[in-house]
Amino acid sequence: MSPVLNVERVVPGTPERVWTAWTTPDGLAGWWWRQLPGTTYEVDARVGGRYRIDSPPAGIGVRGEYTEVSAPHRFAASWIWVEDGVDGAAEHIVVTFDPHPDGTKLTVTHTGPWEDEQPVEQYRQGWTDVLEALHALLTSRDTSSTRTG
């Protein structure tokens, strides 16, 4: 049986706002691999729609197809890691957006045909990094929107 990775993070903002950050090119560009110049974002967040995030200078990307979309609460999609133009095995992610007193509780469930824990720990670090970037972006937007003249 393949290991399953679950990563949770509470971020500021309503589920609708956080959903937009995940499911639009402009939203993703604000936080996903922002540190990698030249990253491109394509999103068609509907069942059967596709997404693609590419960083050609870094030689990495991820792509997939949405299999479930229930805005602004949950989406599921295939996950195909691309490295140096070569597709990895098809994996699966489910992302949920639940109201929380401090904003939105995000839960990412990532499954794949992994035979050991190494990919799980690599993905845990990757998800932790991107969710931290999302948290930082939403925190800075909350701070800037509440400043007074």
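Rounded to a whole number of µm²/s, how large is the Stokes-Einstein D of region 1-80 at 20 °C and 1.002 mPa s, given Rh as the Kirkwood radius over C-alpha pairs?
For the chosen part, D equals 157 µm²/s.
On full extension of the chain, what length is gained from Arg141 through Thr14, given 0.36 nm per residue of separation minus the C-alpha to C-alpha distance?
Between Arg141 and Thr14, full extension yields 44.5 nm more.
Determine, from the Cβ-Cβ distance of Arg50 and Val86 and an R0 of 25 Å, the FRET efficiency 1/(1 + (r/R0)^6), rounded to the nearest 0.05.
The calculated FRET efficiency here is 0.85.
I need the calculated FRET efficiency for the pair Arg34 and Thr111, taking r as the beta carbon distance and R₀ as 30 Å, to the nearest 0.05.
0.70
At 222 nm, what helix-only mean residue ellipticity would the chain give, in deg cm²/dmol to the nearest 500, using -39500 (n - 2.57) for each DSSP H run of four or more?
Rounded to the nearest 500, it is -9500 deg cm²/dmol.
For region 4-146, what ratio Rg/Rh do Cα atoms give with a Kirkwood hydrodynamic radius?
Answer for region 4-146: 0.95.
Going by alpha carbons, how many degrees (0 to 90, nearest 10) lie between the helix axis of 118-146 and the longest principal axis of the chain?
20
Sorted by mean Cβ packing within 10 Å, highest first, what order do the peptides 91-100, 65-74 take?
Ranked by mean Cβ neighbours within 10 Å, highest first: 91-100, 65-74.
Determine the relative contact order of the chain: mean sequence separation of Cα pairs under 8 Å and six or more apart, normalised by residue count, in whole percent.
29
No lab work stands behind these numbers, since they all come straight from the coordinates. Nothing here was measured: the structure is a model prediction, and the numbers come from that model. Heads up, the Cβs are rebuilt from the backbone with ideal geometry, glycines too, and the neighbour counts pull from every protein chain shown.
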